[in-house]
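This report refers to the structure that appears directly beneath it.
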Amino acid sequence: QKMIIKSKPIGQKNRTKQKRELMSSDAYRAKVLQPVINEIVRLIDYGQPCIASGVTTGKFSAGHFISVGANRAIALNLHNIHIQAYHSNGPQGGQPIEYLEGLKEIYGEDYAAFVMQFRGYTRKHKISKKEMEEAYPKARRVRNWLKKRKRKWSANDRIKLRNIVNKYLGLYNTRFETS
């Protein structure tokens, strides 16, 4: 009886590290950090209907209220990202009007207005690659913590989790005060 040990081939870790060192800041955001952030959003919003269409079945993605293409500065802010049905987020172009209505319906007018203010959002400085590299292991820890506690969170808890994670990652100090 043979014992099979699965591990990354020797040098794989170094190749990954080298590849990441060569990445531009935007490529690092898109390929390394954003997928983990998106997974965090899907875990926070686990079991919730699509923010824009209200559907509860099918493939879900993490939908940005303000698209990444429109504003890179807000791309990693959890308040700008909510669970969205794949068909609503992709082919439907994100359904921004329905998305906003969903924010109002689920979280209230004040929260929707809070998210709307990100439209003109700019950071005093661009999120540096170094900042993203520092946030990455933290994002992985958050993702793993949420995976172990996979459940439906209340609307209030979802806002609080977004506040906590944003602060913990250290990329945004935007928080929405819940009652």
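Where a number appears in this text, it was derived from the coordinates with a stated rule and is not lab data. What you see is a predicted model, and the numbers here were worked out from it, not measured in a lab.
The long axis of helix 96-107 is offset from the longest Cα principal axis of the chain by roughly 80 degrees.
Short-range pairs are left out: with C-alpha atoms under 8 Å and at least six residues apart, the relative contact order of the chain is 26 percent.
Listed values (i) 16.0; (ii) 18.6; (iii) 17.3 include one computed from this model; for Kirkwood radius over Cα pairs in Å that value carries the label (iii).
Rounded to the nearest 10 degrees, the inclination of helix 34-44 to the longest alpha-carbon principal axis of the chain is 60 degrees.
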